[in-house]
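Colleague: The structure follows.
The values are calculated or read from the model by the stated rules, or taken from the named source; none is laboratory data. Remember, predicted model here, so these are calculated numbers, not experimental data. Neighbour counts are summed over all protein chains in view; Cβ atoms, including those assigned to glycine, are modelled from backbone coordinates with ideal geometry.
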Amino acid sequence: MKKPKLALVRGKFLNAYEMQIFEPLVDAYDITAFGSWTSYHNTFAFPVVQLPSPMDLPDFPYKMQVLNRLYTDAHYMYGLEEKLRGFAIVHAAETYYHYTQQALNAKKKGYVKKVVATVLENIPFNNEGIDGRKEFKERFRKEIDHIIALTEGTKSTLLLEGADEKKITVIGHGINTQRFTPAKDWLQKINSKKKNIIILFSGRLEVYKGVFEILYAAKLLIADKDLQNYQMQFVFVGDGSQMQAMLHREKSLGIEKHITHTQVSYDQMPEEYKKADIFVAPSKADRYWQEQYCTALLEAQAAGLPIVTTISGGIPENVGDSAVLVGPGDFYALYLSLKAFIQNKGLREIYAKKARARAEKVHDVEIISEKLAAVYKSL
């Protein structure tokens, strides 16, 4: 029996973090992913077609502002509609991305049968300030066959904007718990007498990711007399616009010897988690963005790490009761929560076990892919 053809359209944002939830479906579906020429990743368990996009242009001043006004949304893919001929289902993303409109165009022309989209946006009526965006979103609500909302918060955002609740299914992102696993003898490591503690952050080095709150908490922890017998190292894996500002702040705080900055490939990330003792992700919202899910939190859960994160956006739905939650922007609460983990091995073990159990029971890619398959079958 011929397998249904499934197109995964992600343009520039085609990435291994998300695509891992589709890889278990390769036996049931003939999958092709569509990315841009400079997509984040392009090697998966299924083929990739790369098409040119305005998103591929080199950075220049006000790049996104210019491109979004020229194209209404810069996530346009040249030649996409023709490439989608013959697909049973096209799975795109977001209510206003241009390639989602192109998928709807392909459906209108009879090239494809159904269009599904994953939506992450969790701020109602966001991204409507550019001419044509409201029309994109209105058309999306009318013509989309089904919506995968990343969280209940995303679903509520869609409902406030006028989406049909019958078209919405909430399915989170997933993690391959066979790739991201705890370190060997991880519980013994927690309960050992070692006094060197590695606190890990993974992600973009941006203000909204709470990286400066980590530095302030680090200063307080290093200066804390109760912790003078501990050797603490704070590891930042990633890059971003705040790198130089962080280096300057680390020096002004006198903590640069306790900070490590590094960048590794996604294939190397499981080892970074295995080396860590605690994971921290103190995201905070701004006017136009709040954390939608945070893939790094999925990885940390799968690695069995005790986690300190924030009550912001989709984070509470992601971690459930498997992490300590503090207020966004509250560096002092972050410091106190990290201190509790450092001093209390029993507390670390409790949260490490909770994290791994949640990854296996809630976030595993096999579980998420089954939910996606159920949506496809319903169409």
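Colleague: Please name all residue pairs, on different chains or six or more residues apart, with Cβ atoms under 7 Å, provided the first residue is in segment 242-271 and is within 18 Å of residue 221 (Cβ to Cβ) and the second residue is in a helix (DSSP H, G or I) and aromatic (Phe, Trp, Tyr).
Modeller: Filtered contacts from segment 242-271: 249/212.
Colleague: Out of 304, 314, 327, which single residue is at positive phi and either modelled with pLDDT under 95 or of a type outside the set (D, E, K, R) (or both)? Can you show your working first?
Modeller: Working: 314 fails: at positive phi; 327 fails: at positive phi.
Matching residue, one of 304, 314, 327: 304.
Colleague: Looking at this structure, is residue 266 within 15 Å of the chain's Cα centre (by Cα) and surrounded by fewer than 16 Cβ atoms within 10 Å (Cβ to Cβ)?
Modeller: Details: within 15 Å of the chain's Cα centre (by Cα): yes; surrounded by fewer than 16 Cβ atoms within 10 Å (Cβ to Cβ): yes.
Yes: the conditions hold for residue 266.
Colleague: Considering only residues that are touching a strand residue (DSSP E or B) at 6+ places or on another chain (Cβ under 9 Å) and either hydrophobic (A, V, I, L, M, F, W, C) or surrounded by 19 or more Cβ atoms within 10 Å (Cβ to Cβ) (or both), which ones fall in segment 181-202?
Modeller: The answer is 197, 198, 199, 200, 201, 202.
Colleague: Same structure again: Among the residues in segment 128-139, are any touching a strand residue (DSSP E or B) at 6+ places or on another chain (Cβ under 7 Å) and either among the small types (Gly, Ala, Ser) or in the same structural domain as residue 359 (by TED's automatic domain parsing) (or both)?
Modeller: Let us first name the residues in segment 128-139 that are touching a strand residue (DSSP E or B) at 6+ places or on another chain (Cβ under 7 Å), namely none.
Within segment 128-139 (the criterion being touching a strand residue (DSSP E or B) at 6+ places or on another chain (Cβ under 7 Å) and either among the small types (Gly, Ala, Ser) or in the same structural domain as residue 359 (by TED's automatic domain parsing) (or both)), the answer is no, since none of the residues qualifies.
Colleague: Moving on to the next point. Go through segment 62-78 and give me each residue that's surrounded by 12 or more Cβ atoms within 10 Å (Cβ to Cβ) and either on the phi > 0 side of the Ramachandran plot or not in a helix (DSSP H, G or I) (or both).
Modeller: 72, 73, 74, 75, 76, 77, 78
Colleague: Let me ask something else about it. Out of segment 344-379, which residues are outside any helix (DSSP H, G or I) and not charged (D, E, K, R)? Full working, then the answer.
Modeller: First, the residues of segment 344-379 that are outside any helix (DSSP H, G or I): 344, 364, 379.
Across segment 344-379, the qualifying residues are 344, 379.
Colleague: If you take the residues of segment 102-118 that are in contact (Cβ under 8 Å) with a residue 60 or more places away in the chain and aliphatic (A, V, I, L, M), which of them is surrounded by the fewest Cβ atoms within 10 Å (Cβ to Cβ)?
Modeller: Residue satisfying both the conditions and the ranking: 112.
Colleague: Is it true that residue 215 is in contact with a strand residue (DSSP E or B) (Cβ under 8 Å, 6 or more places away or on another chain) and either farther than 29 Å from residue 356 by Cβ or part of a helix (DSSP H, G or I) (or both)? Show your work before the answer.
Modeller: Values: in contact with a strand residue (DSSP E or B) (Cβ under 8 Å, 6 or more places away or on another chain): yes; either farther than 29 Å from residue 356 by Cβ or part of a helix (DSSP H, G or I) (or both): yes.
For residue 215, the condition - in contact with a strand residue (DSSP E or B) (Cβ under 8 Å, 6 or more places away or on another chain) and either farther than 29 Å from residue 356 by Cβ or part of a helix (DSSP H, G or I) (or both) - is met.
Colleague: Something else: Could you look through segment 166-180, keep only residues that are in contact with a Leu (Cβ under 8 Å, 6 or more places away or on another chain) and outside any loop (DSSP other than H, G, I, E, B), and pick out the one that is surrounded by the most Cβ atoms within 10 Å (Cβ to Cβ)?
Modeller: 175
Colleague: A further question on this structure: One residue is enough: does segment 338-358 have a residue meeting the conditions touching a Ser or Thr at 6+ places or on another chain (Cβ under 8 Å) and more than 28 Å from residue 193 (Cβ to Cβ)?
Modeller: yes
Colleague: Does at least one position in segment 1-22 carry a residue that is within 21 Å of the chain's Cα centre (by Cα), more than 16 Å from residue 93 (Cα to Cα), surrounded by fewer than 19 Cβ atoms within 10 Å (Cβ to Cβ) and of a type outside the set (S, T, N, Q)?
Modeller: No, that holds for no residue.
Colleague: Does residue 370 count as outside the structural domain of residue 204 (by TED's automatic domain parsing) and over 16 Å from the mean Cα position of the chain (by Cα)? Don't jump to the end; show me each part of the working.
Modeller: On the way: outside the structural domain of residue 204 (by TED's automatic domain parsing): yes; over 16 Å from the mean Cα position of the chain (by Cα): yes.
Criteria met by residue 370.
Colleague: With the condition kept exactly as written, say whether any residue in segment 124-134 is hydrophobic (A, V, I, L, M, F, W, C) and closer than 30 Å to residue 367 by Cβ.
Modeller: Step one: list which residues in segment 124-134 are hydrophobic (A, V, I, L, M, F, W, C), which gives 125, 130.
From the residues that got through so far, the ones that are closer than 30 Å to residue 367 by Cβ too are none.
For segment 124-134, residues hydrophobic (A, V, I, L, M, F, W, C) and closer than 30 Å to residue 367 by Cβ: absent.
Colleague: Moving on to the next point. Only one of 183, 163 is closer than 23 Å to residue 270 by Cα and either assigned to a loop (DSSP other than H, G, I, E, B) or of a type in the set (Lys, Arg) (or both). Can you tell me which?
Modeller: Working: 163 fails: closer than 23 Å to residue 270 by Cα.
After ruling out the rest, the residue left standing is 183.
Colleague: Let me ask something else about it. I'd like the full set of residues that are in a loop (DSSP other than H, G, I, E, B) and surrounded by fewer than 21 Cβ atoms within 10 Å (Cβ to Cβ), limited to segment 30-46. Working first, answer last.
Modeller: Going through segment 30-46, the residues in a loop (DSSP other than H, G, I, E, B) turn out to be 37-46.
Listed by number, the residues that qualify are 37, 38, 40, 41, 42, 43, 44, 45, 46.
Colleague: Looking only at segment 28-77, how many residues end up being of a type in the set (A, V, I, L, M, F, W, C) and farther than 12 Å from residue 8 by Cβ?
Modeller: Step one: filter segment 28-77 for residues of a type in the set (A, V, I, L, M, F, W, C), giving 28, 31, 33-34, 37, 44-46, 48-49, 51, 55, 57, 60, 64, 66-67, 70, 74, 77.
Within this subset, residues satisfying the condition of being farther than 12 Å from residue 8 by Cβ are 28, 37, 51, 55, 57, 60, 64, 66-67, 70, 74, 77.
Counting residues in segment 28-77 that are of a type in the set (A, V, I, L, M, F, W, C) and farther than 12 Å from residue 8 by Cβ gives 12.
Colleague: If you don't mind, there's one more thing I want to ask. Of all strands (runs of 3 or more DSSP E) completely enclosed by segment 239-343, which ones contain at least 1 residues that are polar (S, T, N, Q)?
Modeller: Of the strands (runs of 3 or more DSSP E) lying wholly inside segment 239-343, those with at least 1 residues that are polar (S, T, N, Q) span 259-262, 307-310.
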